[in-house]
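Only one structure is covered here, and it is reproduced in the block below.
The values are calculated or read from the model by the stated rules, or taken from the named source; none is laboratory data. Just so we're clear, the structure is a prediction, and the values are computed from it rather than from any experiment. Every residue, glycine as well, gets a Cβ built from its backbone with ideal geometry; the counts of neighbours run over all protein chains shown.
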Amino acid sequence: MNSKISLLLVVTVMASIIFGVFYSYFLLTISENDKMAINEPNLKSEFESIHKCQCVAFRLDDVQGYWLNEVQIAIIETFQKKNVPLTIGIIGGEKFQFGKDLKISNLIKNRLAENPSFIEIANHGWNHEDFSTIDKKIQSELIKKTNQRLYNILDISPKVFIPPYNKFDNNTIIALKENNITHFSSMLETSTPPYMFEGISPLHFPETATTGKIDTTLGIFSKISNQETLDSIKDSSDKYGFAVVTMHPQEFSIHEKNTAYTNSVDWENIEELEILIDKIQKLNLKIIFLSQINQNVSDQTMDLGNEMIMFTEYKSYLNHLILGIPIGILLIILLVMMRNKIIRQKLMDMVENRGE
Ligand SMILES: [Zn+2]
């Protein structure tokens with residue numbers, strides 16, 4: 001008798017599980033909500049854009065002649081020494097004397113000749129003007145003049161633009177197109193996401209981190225901690241899929257009595273910069289030119305997106321299974337009870353028939 005009961009129990013449990021599995025599979029195929037969850041386009045695109053580029057681009061602003069040139073050289077040489085790419089924003093106007101101060105222009109020229117893989121030249125305005133306040137035609141002329149002058153000095157026509165003060169307007173975009181600029185970089189505060197990796201021209205990758213900031217009480221640029229810079233890099237990598245780190249030469253100069261910049265290199269800060277580069281590389285973030293951010297697309301992105309979608313499908317299936325198994329058990333109990341009732345009825349009928 002006992003063995004009969006346990007066999008019945010096993011059969012009941014097995015049957016209800018099988019029922020539950022089929023029931024949940026059936027619900028999954030007819031449920032529109034689940035289909036939507038599985039094919040949710042937002043889920044897919046979100047993962048695609050977030051993980052596009054595991055990279056960091058460094059941009060050195062305000063490069064010019066006869067101004068902190070020892071400091072500018074020390075920064076550029078740090079990147080050269082470590083074989084790491086650097087995008088250099090040069091102010092083109094004659095007043096800023098790039099090309100006259102041969103110390104800085106010849107260094108860049110020679111390094112470019114030795115190996116062009118580690119220096120990218122960017123246009124940083126003609127007289128470091130606020131482009132958002134300038135007429136469209138003039139904006140285009142200023143970009144053109146800087147590009148021509150840099151071509152005369154370095155034999156390179158920049159494809160990257162860094163708007164001075166990070167300020168620009170719609171006319172700037174038109175002016176950039178007119179001058180075959182493919183990339184530009186302002187800052188998060190003066191721009192609106194999403195920052196596309198394709199489909200628009202010029203592509204916009206704003207500054208998302210810095211190595212320094214202006215001390216509001218002293219009114220001068222100072223270097224910030226590597227940890228602060230790294231936190232911003234990690235944040236923007238997660239949020240936008242890339243990071244752009246802006247540097248200013250002032251941060252690496254020794255400040256006289258905390259008020260004026262001098263042309264003496266702050267070697268401690270240069271050493272910190274080297275440590276920062278090492279730490280970024282240890283995080284498996286590739287350091288590249290600003291114009292390469294869109295080219296450094298990671299394949300892992302698509303896999304991650306698909307895994308996420310499969311997980312959603314699996315989760316919906318599990319939800320139905322949790323409901324399907326108890327319903328199956330209830331149905332089997334009901335069937336057994338009905339069967340017992342029918343048998344009892346039959347027995348009673350037989351007893352009654354005999355009695356007659
Ligand atoms: Zn600037």
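Scan the range 8-23 and give yes if some residue there is modelled with pLDDT under 70, under 30 Å from the mean Cα position of the chain (by Cα) and part of a helix (DSSP H, G or I), otherwise no. Scanning the range 8-23, I find no residue that is modelled with pLDDT under 70, under 30 Å from the mean Cα position of the chain (by Cα) and part of a helix (DSSP H, G or I), so the answer is no. Within the range 230-272, being within 18 Å of Cys53 (Cβ to Cβ) and not small (Gly, Ala, Ser) holds for Leu230, Ile233, Lys234, Asp235, Asp238, Lys239, Tyr240, Phe242, Val244, Val245, Thr246. Here Glu228, Glu207 are screened, and the one residue that is among the charged types (D, E, K, R), within 26 Å of Thr78 (Cβ to Cβ) and away from the ligand (no atom under 16 Å from the Cβ) is Glu228.
Yes/no matrix, rows are residues, columns are (1) of a type in the set (Phe, Trp, Tyr); (2) at pLDDT 95 or above; (3) touching an Asp or Glu at 6+ places or on another chain (Cβ under 9 Å):
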| residue | (1), (2), (3) |
| --- | --- |
| Val160 | no, yes, yes |
| Pro164 | no, yes, yes |
| Thr182 | no, yes, no |
| Ala209 | no, yes, yes |
| Gly212 | no, yes, yes |
| Lys223 | no, no, yes |
| Val245 | no, yes, yes |
| Glu251 | no, yes, yes |
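Within the range 93-125, being closer than 18 Å to Asp61 by Cα and either under 27 Å from the mean Cα position of the chain (by Cα) or within 12 Å of the ligand (Cβ to nearest atom) (or both) holds for Phe96, Phe118, Ile119, Glu120, Ile121, Ala122, Asn123, His124, Gly125.
Would you be able to say whether some residue in the range 282-296 is within 16 Å of the ligand (Cβ to nearest atom), touching a strand residue (DSSP E or B) at 6+ places or on another chain (Cβ under 6 Å) and at pLDDT 95 or above? So far as the range 282-296 goes, yes, one or more of its residues are within 16 Å of the ligand (Cβ to nearest atom), touching a strand residue (DSSP E or B) at 6+ places or on another chain (Cβ under 6 Å) and at pLDDT 95 or above. Within the range 166-184, does at least one residue satisfy the condition of being under 17 Å from the mean Cα position of the chain (by Cα) and more than 15 Å from the ligand (Cβ to nearest atom)? Yes; the residues of the range 166-184 include at least one that is under 17 Å from the mean Cα position of the chain (by Cα) and more than 15 Å from the ligand (Cβ to nearest atom).
The residues of the range 59-78 that are within 15 Å of the ligand (Cβ to nearest atom) and under 26 Å from the mean Cα position of the chain (by Cα), listed by number, are Arg59, Leu60, Asp61, Asp62, Ile75. Mind checking which strands (runs of 3 or more DSSP E) fall wholly inside the range 213-303 and carry at least 3 residues that are polar (S, T, N, Q) and in the same structural domain as Leu86 (by TED's automatic domain parsing)? It comes to 260-265. Taking every residue in the range 107-119 that is at pLDDT 95 or above and pairing it with any residue that is not hydrophobic (A, V, I, L, M, F, W, C), at least 6 positions away or on another chain, the pairs with Cβ-Cβ distances below 7 Å are Arg111/Gln80; Ser117/Pro85; Phe118/Gln80; Phe118/Asn83; Phe118/Pro85; Ile119/Arg111. Here Leu102, Leu112, Leu142, Leu150 are screened, and the one residue that is over 21 Å from Ser291 (Cβ atoms) and in the same structural domain as Thr192 (by TED's automatic domain parsing) is Leu102. Filtering the range 128-138 to residues that are under 23 Å from Asn152 (Cα atoms) and within 11 Å of the ligand (Cβ to nearest atom) leaves His128, Glu129. Candidates in the range 180-199 are the residues that are surrounded by fewer than 21 Cβ atoms within 10 Å (Cβ to Cβ) and either in contact with a helix residue (DSSP H, G or I) (Cβ under 7 Å, 6 or more places away or on another chain) or outside the structural domain of Glu141 (by TED's automatic domain parsing) (or both); of these, the one that is farthest from Ile233 (Cα to Cα) is Thr182.
On inspection, Glu48 qualifies as surrounded by 15 or more Cβ atoms within 10 Å (Cβ to Cβ) and either in contact with a helix residue (DSSP H, G or I) (Cβ under 6 Å, 6 or more places away or on another chain) or modelled with pLDDT under 60 (or both).
The set of residues in the range 132-174 that are surrounded by fewer than 19 Cβ atoms within 10 Å (Cβ to Cβ) and among the small types (Gly, Ala, Ser) comprises Ser132, Ser157.
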